[in-house]
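What follows is a short report on a single structure.
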Amino acid sequence: MTQTDDELDSLVRKRIRALRVAQGWSLEDLATRAHVSQSTLSRIENGQRRLALDQLVALARALDTTLDQLVETASDDVITSPMIDATHGTMRWPVKADPGMVVMRQRLTDPPPSNPARLRAHPGREWLVVLSGTATLMLGQRRFRIETNQAAEFPTMLPHAIGAEGGPCEILGIFDRDARRGHQRDSKDPVAD
């Protein structure tokens with residue numbers, strides 16, 4: 001689906017209004033923050049004034065978003081399919097908002113390594129939620145037990161490893177760009193702890 005200029009124009013105006021309303025701001029509140037007049041903002045939202053780049057930049061900044069996000073067009077690829085790695089028991093989904101991020105579902109059967117020398121450290125952040133079973137997260141000398149439906153978030157500069165406790169478990173992990181790169185450098189099994 002390709003959007004026409006009129007459709008994009010209308011979408012941007014709706015986004016401005018929706019973001020303003022979501023913040024609980026009046027026209028006057030946003031106009032003050034964006035350094036535009038209240039009547040100008042009203043005409044922008046209602047389609048009675050042409051969208052000017054300088055005003056869009058000011059509005060995006062005031063709404064705590066980027067110009068790119070404000071004018072982003074709709075995409076046909078709303079639904080993505082996972083890449084399946086049966087050898088390592090993983091499924092990965094790219095995160096479109098940041099092509100460097102990845103979401104991964106993984107089945108773990110082994111406990112984390114008991115040897116601290118086998119823990120990994122690299123730049124980045126990881127977030128995970130246990131879908132079933134119990135996982136063990138090693139962060140340096142600390143050991144965390146993570147039950148089904150519990151989540152963990154940590155900087156990957158801490159030496160870390162993740163494994164199963166008392167039987168198999170499934171986790172859903174999100175790796176930022178740096179964490180993903182760190183795992184790819186650390187092993188042939190990209191992004192698996």
- request: Please find the FRET efficiency linking D5 to A151, where r is the Cβ-Cβ separation and R0 is fixed at 45 Å, and quote it to the nearest 0.05.
  value: 0.60
field: Built amide H within the under 5 Å cut-off of L119, gap 5+
entry: none
- line: Counting Lys and Arg as +1 and Asp and Glu as -1 over every other residue whose Cβ sits under 10 Å from the Cβ of Q23, the net charge comes to 0
- request: Please sort by residue number the GluC sites (Glu not before Pro) in region 118-178 whose DSSP state is loop and whose Cβ has at most 14 other Cβ atoms within 10 Å.
  value: E147
task: Report the full-extension gain for the segment L67 to D54: residue separation times 0.36 nm, less the Cα-Cα distance, to one decimal in nm.
output: 3.7 nm
query: If you add up the charges near P155, with Lys and Arg at +1 and Asp and Glu at -1, over every other residue whose beta carbon is less than 9 angstrom from its beta carbon, what do you get?
result: -1
- request: Please give the contour-minus-distance gain from R118 to F144: 0.36 nm per residue of separation, less the Cα-Cα distance, rounded to one decimal in nm.
  value: 7.7 nm
- prompt: Using 1/(1 + (r/R0)^6) with R0 = 35 angstrom and r between the beta carbons of D110 and L158, what's the FRET efficiency to the nearest 0.05?
  reply: 0.95
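Laboratory data are not the source of any read-out in this text; all were calculated from the coordinates shown. What you are looking at is a predicted structure, and each value in this text was computed from that prediction instead of being measured. Don't worry about glycine lacking a Cβ; one is built from the backbone with ideal geometry, like all the others, and counts go over all protein chains shown.
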